[in-house]
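Undergrad: Here's a structure for you.
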Amino acid sequence: MYKLVLLLLACVLVKVPYSSALSGDPEIHMNCEEPVFFASFKKIQCEVSNSAYVPPTATWSHPVAVIMPQDAGPHRIVLKMSGYNARPYDFCTDLNFSKPGFIVVKPCAGHYPDLNMHTVNGVQPMGWWGRFRGDSNSMRVGLALSLARSAESADIPAGVHLEGSSYGGTGAILQSMMLREVDPWWGDLIAVVNANVPHTLFVKNWKNDPAVNVAWEGYDRSGADVETQMANGNLKHTYYRVNGSPADNAVTFDIEFFELCQRYKIACFGTWHAGGHNSHEPGINLPFGALYAGPNMDVRLDQMLPVFTNSTANHWGAERGHYNLGLSWHQGDYFVDSADGVIVPLRYKARYNIGGEIPDQPNSATFDLTIRRIRNLPIEPGSWVRWQLGNQASGTVQVTEPGEVSISNLTLATSEEYTSLMLTPV
């Protein structure tokens, strides 16, 4: 486990060391240049020096860029993990993917600057943003996130987004687990993972790929295993948006990922198609590019997190399907966590004429709901809560986990409108 021993306090020529308890892992540091200003944002270019990332004869360091809007904010932080490119310096710190309202962190992959320069006994390592030649990308990512969090405009209470496609999408899932190697505190900061066409269950499905084994070098895979980390409760604070294709030949898009979300009550929204290594399939009417299943959803670490499971509106097709499609909440003024009660406006909006032999969603959906991060309602394990879903149904439920309430078998008819779920102490 790595411990951050010095916080990043400035943007210019800063050295941030890590101490390591793992044998053979060297200390690393990051140096940053003066910011470069553009019309609406500024870019800070840094380099991370660590001999374990490069062959012994190499002289380069690993670049990372932080792109910050110049307005007052607040700005959420998103870590943009690049897709695979044998020569990643072509794009890993450029200005692409800058986003209004976000501080964008762009590190370079472990095989920077050219995959051929990292060949070991004729094998070109593929780390997928996890381990790389015995070292962890998490250390470099943690340093870059420290820089982003030092910005005055950073919306720190919202948490961090991780996003990427393919190689980067796999990395977004992996780093949501592996940042705990830097410090468990870092893992707790991940609010949203947006992974497009990724390996969903990387540890399960890599099948002893020699390129992966060279990159990971005997690392304890349980730290990057989705089921292990879900079962341990390490991911219950994070929302996962995962999209891809079981027909993909470049990655293994295993829909068991969503079964695990359901089993361990993890907040997930999934879509999959038969279009291979692409973000969508023409002619299929699914919201492949949408982060959320509804227009008024949001996920912040300082607010409640509703988790849908066991929806009767899911479609578990082997080629095409969806998980939690149509179920959403409204994170507006009526999304309330107070000492008097909790209010969560819920909606089910069925989707029809999807295509690809995916049936229309039913006109009503029954589902289970867990509401996490309840901070103000006075509840504790063993206490009872009264719930009321509009004027449709009501009941009581016993609290079993701190700060959360789970209710089974709620039903909503398809509608454009929201129905308020209210919780009050008994």
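Undergrad: Among the residues of the stretch 397-426, what is the count of those that are without any contact (Cβ under 8 Å) to a residue 60 or more places away in the chain, among the β-branched types (Val, Ile, Thr) and over 15 Å from Ile371 (Cβ atoms)?
TA: Adding up the residues that qualify gives 2.
Undergrad: Have a look at Gly356, Gly332 and point out the one that is surrounded by fewer than 19 Cβ atoms within 10 Å (Cβ to Cβ), farther than 22 Å from Gln262 by Cα and in contact (Cβ under 8 Å) with a residue 60 or more places away in the chain.
TA: Going through Gly356, Gly332 in turn, just one is surrounded by fewer than 19 Cβ atoms within 10 Å (Cβ to Cβ), farther than 22 Å from Gln262 by Cα and in contact (Cβ under 8 Å) with a residue 60 or more places away in the chain: Gly356.
Undergrad: Collect the residues in the stretch 190-220 that are surrounded by 24 or more Cβ atoms within 10 Å (Cβ to Cβ) and hydroxyl-bearing (Ser, Thr, Tyr), keeping them in residue-number order.
TA: Thr200, the sole residue that qualifies.
Undergrad: Taking the criterion of being among the basic types (Lys, Arg) and under 25 Å from Gly83 (Cα atoms), would at least one residue in the stretch 297-309 satisfy it?
TA: no
Undergrad: Here's a follow-up. Can you tell me which residue is nearest to the chain's Cα centre (by Cα) among those in the stretch 110-155 that are among the hydroxyl-bearing types (Ser, Thr, Tyr), surrounded by 24 or more Cβ atoms within 10 Å (Cβ to Cβ) and over 22 Å from Ala250 (Cα atoms)?
TA: Ser138
Undergrad: For Phe257, which of the numbered conditions (1) in contact (Cβ under 8 Å) with a residue 40 or more places away in the chain; (2) surrounded by fewer than 21 Cβ atoms within 10 Å (Cβ to Cβ); (3) in a helix (DSSP H, G or I) fails to hold?
TA: Looking at each condition in turn, Phe257 falls short on (2).
Undergrad: Just checking, does the stretch 46-54 include any residue being surrounded by 15 or more Cβ atoms within 10 Å (Cβ to Cβ), modelled with pLDDT of 90 or more, touching a Gly at 6+ places or on another chain (Cβ under 8 Å) and over 21 Å from Gly159 (Cα atoms)?
TA: no
Yes/no matrix, rows are residues, columns are (1) among the β-branched types (Val, Ile, Thr); (2) at pLDDT below 95; (3) surrounded by fewer than 17 Cβ atoms within 10 Å (Cβ to Cβ):
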site	(1), (2), (3)
Gln262	no, no, no
Gly289	no, no, yes
Met304	no, no, no
Thr312	yes, no, yes
Arg320	no, no, no
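Undergrad: Just one of Arg351, Arg347, Arg372 is more than 24 Å from the chain's Cα centre (by Cα) and of a type in the set (Lys, Arg); which is it?
TA: Selected residue: Arg351, the only one of Arg351, Arg347, Arg372 that is more than 24 Å from the chain's Cα centre (by Cα) and of a type in the set (Lys, Arg).
Undergrad: Another one. Of everything in the stretch 265-280, what is buried (at least 20 other Cβ atoms within 10 Å of the Cβ) and more than 15 Å from the chain's Cα centre (by Cα)? Give them in sequence order.
TA: So the first thing to find is which residues in the stretch 265-280 are buried (at least 20 other Cβ atoms within 10 Å of the Cβ), and the list is 265-273, 275.
Those that are buried (at least 20 other Cβ atoms within 10 Å of the Cβ) and more than 15 Å from the chain's Cα centre (by Cα): Lys265, Thr271, Trp272, His273, Gly275.
Okay, residues lined up against (1) under 18 Å from Thr309 (Cα atoms); (2) modelled with pLDDT of 95 or more; (3) of a type outside the set (A, V, I, L, M, F, W, C):
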residue	(1), (2), (3)
Arg347	yes, yes, yes
Pro359	no, yes, yes
Trp384	no, yes, no
Leu389	yes, yes, no
Asn409	yes, yes, yes
Met422	no, yes, no
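Undergrad: Still on this model: Determine which member of the set Leu410, Leu389, Leu377 is surrounded by 19 or more Cβ atoms within 10 Å (Cβ to Cβ) and closer than 19 Å to Leu325 by Cα.
TA: Leu410
Undergrad: How many residues, within the stretch 335-353, are buried (at least 16 other Cβ atoms within 10 Å of the Cβ) and among the small types (Gly, Ala, Ser)?
TA: Qualifying residue count for the region: 2.
Undergrad: Of Thr228, Thr252, which residue is surrounded by fewer than 20 Cβ atoms within 10 Å (Cβ to Cβ), modelled with pLDDT of 95 or more, in contact with a helix residue (DSSP H, G or I) (Cβ under 8 Å, 6 or more places away or on another chain) and in a helix (DSSP H, G or I)?
TA: The unique qualifying residue is Thr228.
Undergrad: Still on this model: Got a sec? Which of Val192, Val214, Val203 is in a helix (DSSP H, G or I), in contact (Cβ under 8 Å) with a residue 12 or more places away in the chain and under 25 Å from Gly159 (Cβ atoms)? Give the derivation first.
TA: Details: Val192 fails: in a helix (DSSP H, G or I); Val214 fails: under 25 Å from Gly159 (Cβ atoms).
Going through Val192, Val214, Val203 in turn, the sole match is Val203.
The values are calculated or read from the model by the stated rules, or taken from the named source; none is laboratory data. Every value quoted in this text rests on a predicted model; they were computed, and no experiment measured them. Neighbour counts run over all protein chains shown; Cβ positions are idealised from the backbone, glycine included.
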